[in-house]
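In what follows, a single structure is set out as structure tokens and then discussed.
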Amino acid sequence: MTEWGYARVSTRGQHTDTQAVALRAAGVLDEHLVTETVSGAKADRPGLAGLLAQAQPGDRITVWRLDRLGRSLSHLVATVDELNARGIALRSLHEQIDTTSASGRLVFHIFGALAEFERELARERTAAALAVARERGKPLGRRS
């Protein structure tokens, strides 16, 4: 099993030092530590993509905090689902979650349910806003 570490900061003025120290203390070797400076809102994160490509079944990816890994709750759940499907575990030091344990998997199932609920609420709000706009006679869609 390889213990991978992933540390990310959003801007060049920030540093991954605090995260890297915590990841090393948790057993991540320097050669398995991936750091990058990129906004969490961006889908294109080359360091994370490379780490995910290298990780093998039985490995574990450790992050300092869950928000370093996912752009949103739904993105985080999708990432963890992908890891689980590939047989790769996830550990978050700050939240003390480890998907190799039953309780860690339970927490992620709860997160998944919350993310699904959040998506459904957004759909309902959008549908309601569109209905009100139609009632008011506002044009919908792209301009022709």
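The values are calculated or read from the model by the stated rules, or taken from the named source; none is laboratory data. The structure displayed is predicted, hence computed values, not measured ones. Cβ: placed from backbone, ideal geometry, glycine included. Neighbour counts: every protein chain shown. Please note that ligands, DNA and RNA were not included when accessible areas were found on the heavy atoms of the full protein model with its side chains. Shrake-Rupley method; radii C 1.70, N 1.55, O 1.52, S 1.80 Å.
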Inset, instruction - Could you tell me what percent of the DSSP beta bridges with both partners in region 1-123 are antiparallel, to the nearest 5? - result: 15 percent
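Output the DSSP H helices from the chain with an along-axis C-alpha extent of no less than 30 Å and a mean Kyte-Doolittle hydropathy no less than 0.0.
On the way: long enough: 102-135 (50 Å, 0.21).
In the chain, the long hydrophobic H runs are 102-135.
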Legend entry - Proximal charge balance of Thr62 [Cβ under 15 Å; K/R count +1, D/E count -1]: -1
Legend entry - Accessible surface, per residue, of region 63-130 when the full set of protein chains is kept, probe 1.4 Å, Å²: 58 Å²
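Using helices alone, what [θ] at 222 nm do you get for the chain, with -39,500 (n - 2.57) per DSSP H run of 4 or more residues, divided over all residues and rounded to the nearest 500? If you can, show how the numbers build up before the last one.
Working: 4 runs with 65 residues, N = 144.
After summing the helix terms and dividing by the residues of the chain, the value is -15000 deg cm²/dmol.
What's the local net charge at Gly47, with K and R +1, D and E -1, over the other residues with C-beta under 13 Å away? Could you put the intermediate results ahead of the total?
On the way: positive: Arg8, Lys42, Arg45, Arg68; negative: Glu36, Asp44.
Charge balance in the 13 Å sphere: +2.
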Legend entry - Residue list for region 92-116, given a label point 7 angstrom along the Cα-to-Cβ vector of Ala26 and an amide N cut-off under 17 Å: 92-108
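Tell me, what is the per residue accessible area of region 1-44 in Å², probe radius 1.4 Å? Walk me through the numbers on the way to the answer.
Numbers: 2530 Å² over 44 residues.
Ligands and nucleic acids excluded, the result is 58 Å² per residue.
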Inset, instruction - Pull out the extension gain between Arg119 and Ala78, defined as 0.36 nm times the separation in residues minus the alpha carbon to alpha carbon distance; nm, one decimal. - result: 13.5 nm
